[in-house]
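So the structure is just underneath, and the comments pick up after that.
Values in this text are rule-based calculations from the coordinates and carry no lab data. Since the structure is predicted, the reported quantities are computational estimates derived from the model, not experimental observations. Cβ sites come from the backbone with ideal geometry, for glycine too, and all protein chains shown count toward neighbours.
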Amino acid sequence: MKKWMFSIALAGVLLFTSHNGVSASTYEVRSGDSLWTIGQNYGVTAEALRRENNLSSNMIYPGQSLSIPGGSVTHTVRHGETLWIIANRYGVTVSQLRGWNGLSGSAIYPGQSLTINKAAPASQAYSSQEKELLARLVHAEARGEPYKGKVAVAAVVLNRTAHPDFPSSISGVVYETYGSGNIYAFEPVQNGEIYRAADREAIRAVEDAVNGYDPTNGAVYFYNPATATSNWVNNLTVSQRIGNHVFARQ
């Protein structure tokens, strides 16, 4: 099992000022943040953040206040609503809702105010073929792992598709090669396990990941510390440990 995951779930301090019913938001940079991770959480690009804040480079520091372009609205939770229902209503992901509102879980209550960033794009649509391929990878990589660990493996692949250092499609990530092109990023592709049919749990895990469930806090890498042989994993920032796998970002 080789390289994996990124984008940390951000729990920033949001300050709002009313303007025609739309709020301008300010994010306070935390240790480990980058313009890319902040942009992913708010649905904007690093370049847009640089322009908005008159930055000449990508360098930021903890405690720095950044203006988020686009603005936001406030949603008051109604009885019977869940994060998933609200996310679908606004065309955002559950992971984004958690990040904007500093939530570590899915518990919400009637009357609670949730911030929705209007600039955030709807969750990406994936073809049935791409999701089936991802389910086969999850089945091969996370067989025997807890369900949360299976969702986590799927989330790493999806996080990679949004990261500039990796291919932008599920199939591109799954079949990515290194070196002279004969070393695959994922062992199941190398040894042929990728061609085995996925079970129902792997398929369900992929659907949950596609719908925004990311238990890895934005990882773009995962590995099993008991079997990892490369020292490069020691340079990664661990974001979560689930079952036998460690999930990490750059």
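Structure summary
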{"item": "Net length gained if the chain between residue 51 and residue 128 were fully extended (0.36 nm per residue, minus Cα distance)", "result": "24.0 nm"}
{"item": "Sequence of 150, 131 once ranked by neighbouring C-beta atoms within 10 Å, starting from the fewest", "result": "131, 150"}
{"item": "Order of 163, 245 under a 10 Å beta carbon neighbour criterion, fewest first", "result": "163, 245"}
{"item": "The stretch 149-250: radius of gyration and largest Cα-Cα distance (Dmax), Å", "result": "13.3, 36"}
{"item": "Among 198-206, 50-58, the order from most to least packed when residues are scored by Cβ within 10 Å on average", "result": "198-206, 50-58"}
{"item": "Relative contact order (%) - criterion: Cα under 8 Å, at least six apart; region: the stretch 14-117", "result": "28 percent"}
{"item": "The stretch 128-249 - percent relative contact order, Cα under 8 Å, separation 6 or more", "result": "31 percent"}
{"item": "Full-stretch length increase - residue 175, residue 88 - with 0.36 nm per residue and alpha-carbon distance subtracted", "result": "28.3 nm"}
{"item": "Helix 128-142 vs. the chain, principal-axis angle (Cα, 0 to 90°, nearest 10)", "result": "70 degrees"}
{"item": "Contour minus Cα-Cα distance for residue 107 and residue 74 (0.36 nm per residue)", "result": "10.1 nm"}
{"item": "Neighbour-count ranking [beta-carbon atoms within 10 angstrom, fewest first] of 169, 65", "result": "65, 169"}
{"item": "Calculated Rg and Dmax of the stretch 41-140 using C-alpha coordinates, Å", "result": "16.7, 46"}
{"item": "Inverse mean reciprocal Cα-Cα distance (Kirkwood Rh) of the stretch 134-207, Å", "result": "12.4 Å"}
{"item": "Dimensionless Rg/Rh of the chain - Kirkwood Rh, Rg from C-alpha atoms", "result": "0.98"}
{"item": "Percentage relative contact order, the chain, counting C-alpha pairs under 8 Å, at least six apart", "result": "25 percent"}
{"item": "Helical mean residue ellipticity (222 nm; -39500 (n - 2.57) per DSSP H run of 4+; nearest 500) of the chain", "result": "-9500 deg cm²/dmol"}
